[in-house]
Amino acid sequence: MAGVADAPGTLSAGPLLDVQDLHLDFGGIKAVDGLSFSAHDGDILSVIGPNGAGKTSAFNCITGFYKPTGGKVLVEGNDITGARPSAIAARGVSRTFQNLRLFGELTVLDNVRAGMHMRMKQNAFDALLHTPRFRRSERQATEEANHWLDFVGLRGDRGGPARNLPYGEQRRVEIARALALGPRLLLLDEPAAGLNHGEKLELLDLLRRISALGTALVLIEHDMGLVMQVSRRIVVLNFGKQIADGTPEEVRRNPAVLEAYLGKDEESHADETEVPHD
Amino acid sequence: MTWNRKKAPTSADTPRARVLNRLLGERRLGWIGLAVALLAPFVDASNYSLSVLTSAALFVMLAVGLNIVVGYCGLLDLGYAAFFAIGAYVSGVLATTYGWSLLATVPVVLAAAVLAGVIIGGPTLRLRSDYLAIVTLGFGEIIRITANNLDITGGPSGIYGIPGLELFGLDLSSPVAFYYAVVVIVALAVVGAARLGRSRMGRAWRFIREDEDAAEAMGIHTYKLKLAAYIAGAVWGGLAGILFGAQLSAISPQSFTFLWSALILLAVVLGGMGSTPGVVLGAVFVSVLPELLRDAADYRFFVFGVLLIVVMIFRPQGLWPSQASERTPARRPEVQKEDAWQA
Ligand SMILES: Nc1ncnc2c1ncn2[C@@H]1O[C@H](COP(=O)(O)OP(=O)(O)O)[C@@H](O)[C@H]1O
Ligand SMILES: [Mg+2]
């Protein structure tokens with residue numbers, strides 16, 4: 001199953017994220033059926049598979065939104081299986097959602113400040129009395145929120161409600177919010193969905209810049225062009241089962257993958273997506 | 001899942017409304033509101049008007065307290081009068097039976113309000129938010145029925161002879177002095193609630209209201225924060241209860257019926273959930289309007305009801321809806337060069 005050579009350059013002891021034989025049943029449906037993979041510092045790993053393969057369910061198990069029916073999830077060696085999402089986030093695991101989950105009525109800046117909740121140093125008394133500590137932490141939060149919005153290249157209005165932004169911009173805000181948490185591991189669920197060609201190119205660049213920060217990335221993505229360009233390793237799911245795990249090259253040639261995606265006869269179309277052929 | 005999640009686009013989005021709100025600014029509005037409250041007795045200082053004004057001020061305090069729970073955090077509380085009752089009874093019993101000054105009862109009322117908040121909120125806030133509405137509705141009735149049946153609370157006839165307010169040797173029991181004392185205390189309560197709303201905790205409450213899962217994903221322990229909102233609401237309600245007892249000098253179970261909870265909630269919804277100016281306006285509206293309609297005699301609650309319906313039709317978001325807007329310094333977001341990629 002797993003057991004592919006680790007990404008180069010990892011000298012640290014254990015993996016950052018270690019998913020061991022994860023299972024999740026919904027009544028009769030085996031949404032995740034024995035998933036194992038690990039991610040190390042600085043990794044970029046993709047989880048791919050047809051719709052309904054169990055990718056989002058796996059993310060939800062890792063981040064605590066679903067309780068796995070079997071298996072374990074370790075973050076830096078700590079067993080976090082079944083912990084509540086906020087406790088997992090406190091371990092430096094951040095995520096975005098497949099269907100945008102912004103705080104639509106709140107300002108774009110406030111959305112990003114959400115990521116800083118755990119780090120802001122102020123309590124209720126500071127807030128009631130507007131102590132210097134309160135003012136300082138608010139000022140820092142605003143600066144930092146602007147920094148992350150710059151980082152993701154947001155162009156729209158930051159002082160207005162997030163729902164007023166166009167779709168592509170909202171996606172950026174969601175990533176900025178996830179980054180503001182200061183994660184060691186960032187899980188992105190279909191970040192390119194609904195983006196146009198130009199936006200996808202910017203996303204590719206953004207993913208590389210996030211990786212350069214030292215944050216490990218795990219992404220679910222359907223855009224094969226993007227996946228093949230950015231991933232160091234790819235895990236392939238089908239009907240909850242892990243059918244491949246390897247480098248983009250290995251996965252591209254894997255017959256089981258081709259079959260899952262295309263049926264037996266049409267192997268040559270594997271990477272015919274909206275890839276920038278540069 | 002939360003009952004108030006979906007919002008229709010409103011006039012609050014129009015550029016004009018945004019400019020207006022920014023021009024006025026919450027702080028300036030607060031000063032205007034305070035000035036109006038302080039000057040009102042100069043227009044009419046009859047005992048009747050002072051009592052209406054005092055009630056309105058207390059109603060404002062209740063509404064901003066409930067607004068923490070309902071407006072900020074999105075939790076539907078249908079029994080808010082219970083905390084009001086707890087405050088009034090705890091301080092009333094201590095003041096009449098044990099001869100405490102009202103000021104001395106404050107810490108006990110705070111403790112009782114927090115305890116009640118934990119007992120009711122603790123188990124229910126773990127469940128889906130819909131359950132809270134039902135449990136709080138029951139809680140409101142339980143508190144009232146308990147007060148009706150205990151000896152120490154005076155049973156159905158309640159408590160008499162609650163002393164007036166005396167702060168640091170200053171007798172504030174005359175209607176005018178009491179009114180001014182209430183205005184100052186309520187002003188502090190309004191500012192306090194608004195400040196909490198604009199803090200780390202207040203933002204977390206709004207995140208929960210908007211999307212509980214996304215809030216959790218950001219490391220916000222949603223259960224603890226919901227409990228904090230519920231307790232904060234309890235504290236505001238309990239403190240208002242002390243003043244209520246001092247104003248009337250007598251309280252009974254009939255003072256804390258479901259109608260009270262409903263009217264406070266109405267003030268919040270009518271004014272604009274989550275919006276401090278809106279909720280203050282809503283509270284004044286709901287408490288003063290029936291008095292202004294006295295001439296309509298038997299029809300006054302009918303007219304009141306019709307007016308409410310009219311407001312909700314024309315301003316479904318409330319009289320003064322909350323809206324997300326903050327000043328951002330003019331900045332040039334670094335423009336990404338797409339050409340670089342196509343080259
Ligand atoms: N909350 C749920 N309740 C019941 N079934 C679910 C739930 N979430 C996902 N599933 C089922 O689990 C399977 C995997 O879904 P999902 O993880 O969303 O797939 P993917 O993200 O790979 O498209 C599907 O058959 C889906 O219908
Ligand atoms: Mg999915």
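The values are calculated or read from the model by the stated rules, or taken from the named source; none is laboratory data. The shown structure was predicted, so the numbers you read here are calculated from the model rather than taken from an experiment. Cβ placement follows ideal geometry from the backbone for every residue including glycine, while neighbour counts extend to all protein chains displayed. Side chains are part of the model used for accessible areas, which takes the heavy atoms of the whole protein and leaves out ligands, DNA and RNA. Shrake-Rupley method; radii C 1.70, N 1.55, O 1.52, S 1.80 Å.
Here is the interface size for A with B: some 4300 Å² of accessible area buried, both sides summed, with a 1.4 Å probe.
If R0 is taken as 45 Å, the Cβ-Cβ distance between A:Tyr167 and B:Asn149 corresponds to a FRET efficiency of 0.15. Taking every residue in A:97-108 and counting other chain Cβ atoms within 10 Å of its Cβ, the average works out to 5. The ellipsoid equivalent to the alpha-carbon distribution of region A:103-181 has semi-axes of 24, 12, 10 angstrom, derived from the gyration tensor eigenvalues as √(5λ) and listed largest first. In sequence order, region B:162-177 has phi-based couplings of 5, x, x, 7, 9, 10, 6, x, 9, 7, 10, 8, 5, x, 5, 4 Hz under the Karplus curve 6.51 cos²θ - 1.76 cosθ + 1.60, θ = phi - 60°, and Gly or Pro positions carry x.
Just how many % of Cα pairs in region B:206-302 lie over 24 Å apart, if you round to the nearest whole percent?
Across region B:206-302, Cα pairs with separations above 24 Å total 41 percent.
Within 10 Å of the Cβ of each residue in A:114-124, the mean number of Cβ atoms contributed by other protein chains is 5. Taking every lysine pair in chain B that is 8 or more places apart or spans two chains, those with Cα atoms closer than 29 Å amount to 4.
Placing a label point 7 Å from the Cα of B:Ile134 along the Cα-to-Cβ direction, the residues of region B:66-93 whose backbone N falls under 16 Å from that point are B:76-79. For the protein assembly as shown, the carbon plus sulfur part of the accessible surface works out to 61%, probe radius 1.4 Å. For A:Ile44, nonlocal amide neighbours, meaning residues 5 or more places apart or on other chains whose placed amide H falls under 5 Å from its own, are A:Leu217, A:Arg232, A:Arg233. Based on Cα contacts under 8 Å between residues 6+ apart, region A:199-259 shows a relative contact order of 21 percent. Between A:Phe65, A:Phe239, A:Phe134, the GNM of chain A built on Cα springs shorter than 10 angstrom shows A:Phe134 fluctuating the most. One way to sum up the overall shape of the protein assembly as shown is the equivalent ellipsoid from its Cα gyration tensor, whose semi-axes run 55, 26, 21 Å, largest first.
Mind checking the dipole of chain B: about its Cα centre, +1 per Lys or Arg Cβ, -1 per Asp or Glu Cβ, Debye to the nearest 20?
Working: 26 positive and 21 negative charges, 204 e Å.
In total the dipole reaches around 980 debye.
Of A:Lys55/A:Lys200; A:Lys200/A:Lys241; A:Lys30/A:Lys241; A:Lys55/A:Lys241, which pairs sit farther than 18 Å apart, going by alpha carbon to alpha carbon? Checking Cα-Cα distances, A:Lys55/A:Lys200; A:Lys200/A:Lys241 exceed 18 Å.
Here the 3J(HN,Hα) profile of region B:147-157, calculated from phi with Karplus coefficients 6.51, -1.76 and 1.60 at θ = phi - 60°, is 4, 5, 10, 8, 6, 5, 8, x, x, x, 7 Hz, Gly and Pro shown as x. In the elastic network of chain B, a GNM with C-alpha springs shorter than 10 Å, the most mobile of B:Gly169, B:Gly74, B:Gly33 is B:Gly169.
Think of a 1.4 Å ball rolled over the protein heavy atoms: chain B then has 47 Å² of accessible area per residue.
Each of A:Asn78 and B:Leu292 was given a label point 7 Å from its Cα along the Cα-to-Cβ line. The distance between the two points is 5.7 nm.
Secondary-structure-derived ellipticity at 222 nm for chain A, considering helices only, amounts to -10000 deg cm²/dmol, per-run term -39500 (n - 2.57) for DSSP H runs with n ≥ 4.
Please compute the volume of the convex hull spanned by the alpha-carbon atoms of region B:33-259 and report it per residue in Å³.
Spread over its residues, the Cα hull of region B:33-259 gives 119 Å³ apiece.
Expressed in units of 2.2 N^0.38 Å, where N is the residue count, the Cα radius of gyration of chain A is 1.04. Averaged over its residues, chain A has an accessible area of 41 Å² per residue, based on protein heavy atoms and a 1.4 Å probe.
Take each residue of peptide A:228-238, count the partner chain Cβ atoms within 10 Å of its Cβ, and average: the result is 0.
When GluC sites (Glu not before Pro) are flagged only if DSSP places them in a loop and at most 15 other Cβ atoms lie within 10 Å, the longest unflagged stretch of chain A comes out as A:1-265. Which of B:Leu172, B:Leu132, B:Leu270 ends up with the largest GNM mean-square fluctuation for chain B, with Cα atoms connected below 10 Å? In the Gaussian network model the winner is B:Leu172.
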